[in-house]
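Presented below is the structure to which this report refers.
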RNA sequence: UGGGCCGUAGCAUAAUGGCAAUGCACCCGGCUGUUAACCGGACGAUUGUUGGUUCGAGUCCAACCGGCCCAGCCA
């Protein structure tokens with residue numbers, strides 16, 4: 001009897017005849033023996049076609065198995081030390097579905113531009129396959145952590161009439177004659193949802209029209225944003241820390257093979273355990289000065305500054321209490337120092353920079369109105385948001401975690417363009 | 001948006017201002033245990049575009065187009 005299965009389950013079927021459906025990853029042959037590396041999305045298996053076993057007629061068709069042709073293979077599973085993975089298929093028959101002619105990506109090195117142009121095919125390669133699996137694990141672990149801690153997923157809109165961050169980085173669209181924008185953050189809506197459910201999160205794409213060409217920026221990226229009612233800055237930092245610790249642990253537990261495929265140093269990830277060091281913005285500035293960096297108190301950290309700070313530690317570091325001037329209007333001012341806002345950033349180690357940003361929100365209506373005026377924002381467009389301070393306002397806090405930057409860090413990738421299947425960047429919208 | 005670097009065969013690279021070369025892929029032939037298989041053969045280029053300097057330009061100059069890296073801004 002033939003068992004229809006997938007490559008990841010081959011070990012359960014030793015000695016049995018199975019049917020596999022997949023694509024040719026690579027093939028090579030000698031006069032009477034053919035080796036086919038079959039890729040089926042769950043793994044890669046070596047299939048051996050022997051002329052003596054299948055006959056001249058079928059063996060002559062081995063040549064049709066060009067790279068990335070699709071086919072079904074039937075054969076016996078056997079344990080064999082010579083096969084990558086430890087198991088191979090002794091092919092009894094195979095049926096070609098479609099022969100791929102001149103597949104563009106050779107098992108050879110290619111330039112970035114060429115690979116990005118063929119992103120839809122590049123995703124089939126081992127390395128990209130591993131990255132997508134780790135991305136999946138990170139997203140699933142994030143949601144499991146939040147779900148298991150009484151957070152409710154409450155979706156926030158993608159089309160919005162107003163901005164959260166600076167207005168220079170918005171994508172504007174025509175909404176039936178009215179200007180509208182693609183969301184930069186679900187945060188304002190999250191605050192409303194937290195007043196209904198206590199602990200909530202949103203998870204979705206966000207859009208920033210920043211004209212930045214760096215290894216850490218996409219114009220479309222995915223962000224998970226938890227928001228908690230009756231939560232202060234200290235508790236907020238604990239949630240962020242616990243989330244990151246859990247996510248890294250899950251990837252180590254379930255995707256070690258993929259990390260090894262990417263040649264990621266797992267010891268660096270094993271060090272990521274709570275508690276993370278916490279330093280104030282002012283202490284961070286001292287670190288920069290001690291390292292000989294030019295930096296004036298009151299400014300925002302650049303990529304180089306973040307690297308210097310994060311290099312002091314073997315795990316993520318939380319920087320808190322920033323100058324209020326460089327933070328958004330909704331951030332609560334520190335009661336102990338009016339120059340400071342109760343914000344926090346989590347900087348990943350190894351120079352990967354900011355992966356989380358958040359803080360405690362201002363819950364006082366009058367203070368919020370003042371801050372809106374200071375930032376030259378029109379209170380009229382924020383009436384529904386201000387209602388949250390009129391009807392049962394509470395201390396609350398939250399943060400956003402950028403999925404692509406977390407994937408880049410955990411995978412040890414040099415650029416975020418490989419962390420998302422179809423990256424959207426300043427100079428690229430296709431495929 | 002600034003600064004730097006780069007565009008040569010399907011892909012990756014080489015070529016002092018002087019015959020555009022090599023490897024891989026594709027195609028043909030050989031090989032019964034290959035691991036990005038190996039061995040032999042064949043095919044494949046208006047050197048990103050336009051103009052200029054020169055006896056002569058892939059190479060030098062200018063503009064444009066495209067890309068990479070760095071910076072600013074951010075997750």
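Name the residues in segment A:16-26 that are under 15 Å from residue A:96 (Cβ atoms) and surrounded by fewer than 19 Cβ atoms within 10 Å (Cβ to Cβ), would you?
Within segment A:16-26, A:19, A:21 qualify.
Residues in segment A:81-127 that are more than 12 Å from RNA strand B (Cβ to nearest atom), farther than 24 Å from residue A:56 by Cα and either without any contact (Cβ under 8 Å) to a residue 12 or more places away in the chain or touching a strand residue (DSSP E or B) at 6+ places or on another chain (Cβ under 8 Å) (or both): how many?
Summing the residues that are more than 12 Å from RNA strand B (Cβ to nearest atom), farther than 24 Å from residue A:56 by Cα and either without any contact (Cβ under 8 Å) to a residue 12 or more places away in the chain or touching a strand residue (DSSP E or B) at 6+ places or on another chain (Cβ under 8 Å) (or both) in segment A:81-127 gives 1.
Would you call residue A:34 assigned to a loop (DSSP other than H, G, I, E, B) and in contact with a strand residue (DSSP E or B) (Cβ under 8 Å, 6 or more places away or on another chain)?
Criteria not met by residue A:34.
Which of the numbered conditions does residue A:50 fail, given that it passes all the others? Conditions: (1) surrounded by fewer than 15 Cβ atoms within 10 Å (Cβ to Cβ); (2) away from RNA strand B (no atom under 11 Å from the Cβ).
Failed condition: (2).
Among all residue pairs at least 6 apart or on different chains, which show Cβ distances below 7 Å where the first residue, located in segment A:40-66, is closer than 15 Å to residue A:95 by Cα and the second is assigned to a helix (DSSP H, G or I)?
Listed pairs, sorted by first residue: A:40/A:7; A:49/A:59; A:49/A:62; A:59/A:51.
Can you tell me which of A:135, A:143 is in the same structural domain as residue A:184 (by TED's automatic domain parsing) and within 15 Å of RNA strand B (Cβ to nearest atom)?
That would be A:135, the only listed residue that is in the same structural domain as residue A:184 (by TED's automatic domain parsing) and within 15 Å of RNA strand B (Cβ to nearest atom).
Going by the conditions given, is residue A:10 assigned to a strand (DSSP E or B) and surrounded by 14 or more Cβ atoms within 10 Å (Cβ to Cβ)?
On the way: assigned to a strand (DSSP E or B): no; surrounded by 14 or more Cβ atoms within 10 Å (Cβ to Cβ): yes.
No: the conditions fail for residue A:10.
If I ask for residues that are more than 12 Å from RNA strand B (Cβ to nearest atom) and more than 20 Å from the chain's Cα centre (by Cα), which ones from segment A:201-236 would you list? Outline the logic, then answer.
Initial filter on segment A:201-236 (more than 12 Å from RNA strand B (Cβ to nearest atom)): A:201-204, A:226-236.
Listed by number, the residues that qualify are A:228, A:229, A:230, A:231, A:232, A:233, A:234, A:235, A:236.
Tell me which of these residue A:426 doesn't satisfy, since it passes every other one: (1) out of contact with any helix residue (DSSP H, G or I) (no Cβ under 8 Å at 6 or more places or on another chain); (2) assigned by TED's automatic domain parsing to the domain that holds residue A:151; (3) touching a residue at least 40 places away in the same chain (Cβ under 8 Å); (4) surrounded by fewer than 23 Cβ atoms within 10 Å (Cβ to Cβ).
(2)
Take the residues in segment A:388-410 that are without any contact (Cβ under 8 Å) to a residue 60 or more places away in the chain and assigned to a helix (DSSP H, G or I), then tell me which one is nearest to residue A:225 (Cα to Cα).
Result: A:389.
Let me confirm something: among A:192, A:229, which residue is closer than 23 Å to residue A:147 by Cβ and buried (at least 21 other Cβ atoms within 10 Å of the Cβ)? Can you show your working first?
Details: A:192 fails: buried (at least 21 other Cβ atoms within 10 Å of the Cβ).
Within the list A:192, A:229, the selection yields A:229.
Restricting attention to segment A:292-307, which residues are at pLDDT below 85 and more than 10 Å from RNA strand B (Cβ to nearest atom)?
Once the filter is applied, which keeps residues that are at pLDDT below 85 and more than 10 Å from RNA strand B (Cβ to nearest atom), segment A:292-307 yields A:292, A:293, A:294.
The values are calculated or read from the model by the stated rules, or taken from the named source; none is laboratory data. Note that the structure is predicted; figures quoted are calculated from it, not measured. Heads up, the Cβs are rebuilt from the backbone with ideal geometry, glycines too, and the neighbour counts pull from every protein chain shown.
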